[in-house]
1. From the list 25, 32, exactly one residue is at pLDDT below 85 and either within 39 Å of the chain's Cα centre (by Cα) or among the acidic types (Asp, Glu) (or both). Which is it?
2. Have a look at 98, 113, 73 and point out the one that is open to solvent by less than 70 Å² (accessible area, probe 1.4 Å) and at pLDDT 75 or above.
3. Given the condition small (Gly, Ala, Ser), modelled with pLDDT under 80 and closer than 23 Å to residue 18 by Cα, answer yes or no: does some residue in segment 79-92 qualify?
4. Pull out all pairs, ordered by first then second residue, where Cβ-Cβ is under 6 Å, the residues are six or more apart or on different chains, the first lies in segment 29-51 and is under 27 Å from residue 69 (Cβ atoms), and the second is of a type outside the set (Lys, Arg).
5. Being farther than 30 Å from residue 89 by Cα and β-branched (Val, Ile, Thr) is the filter here; which residues of segment 12-57 pass it?
6. Does residue 122 satisfy the criteria of being touching a Ser or Thr at 6+ places or on another chain (Cβ under 8 Å) and surrounded by 10 or more Cβ atoms within 10 Å (Cβ to Cβ)?
Amino acid sequence: MEEPGHETDIPGCRQSDLKQSFRNAIRSLLTACSRQDFFDIFSKFDVAEQNMLYRVYTQVIVNLHQTLEDEFDAQCQELQVGPVLDKVEQLVEEQSLDPLFSDKTNVMDLANDLTTAKKSKIQRLRGLLQRAEEQNRQMEARIRLLKEQPQEASDTANAIKRLKSGITAYFEGNDKLPPI
């Protein structure tokens, strides 16, 4: 199965599990037909012919099984499945020994962190919005005040003119005008 010199290390647990799983899978596929099922299928033949056919069937199944295993091993060698699985096993072992590595990512913790971050961003944006609205109200108040001031100035000028004309009319009747 494994040619000498291709693998210098003892295969890791994952590599052994993979090969054993493959062997179990093909074994169950290739031995799905029992002896009795075989004889039932070839019931038109006599017993001697059935036995001979069953031996041929068994040899074909054994050869097919061996060929599949050899081809699987060759593919694993060609694709370097063994070293890759050994590296995976090493990384898993290193991570399990690392106290800072958390192999259990809690989705709820991530969701809570994201929610908290979004809520704080919303609060910050609300604060900016409130400040902008307050600045807008202040600007509108100033604009109203500036619009009213020219009216007040013209009202004041009109009041001064009326006062001046009233004073002039008062003193005209007395023939003594105050110096203005």
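1. Residue meeting the stated conditions: 25.
2. Residue meeting the stated conditions: 73.
3. no
4. Close Cβ pairs satisfying both conditions: 30/61; 30/65; 38/54.
5. Hits for segment 12-57 are 31, 41, 47, 56.
6. Taking the combined requirement at face value, the residue does not satisfy it.
The values are calculated or read from the model by the stated rules, or taken from the named source; none is laboratory data. Every value quoted in this text rests on a predicted model; they were computed, and no experiment measured them. No Cβ is skipped: glycine too gets one built from the backbone with ideal geometry, and neighbour counts run over all protein chains shown. The area values use the complete protein model at the heavy-atom level, side chains included, leaving out ligands, DNA and RNA. Shrake-Rupley method; radii C 1.70, N 1.55, O 1.52, S 1.80 Å.
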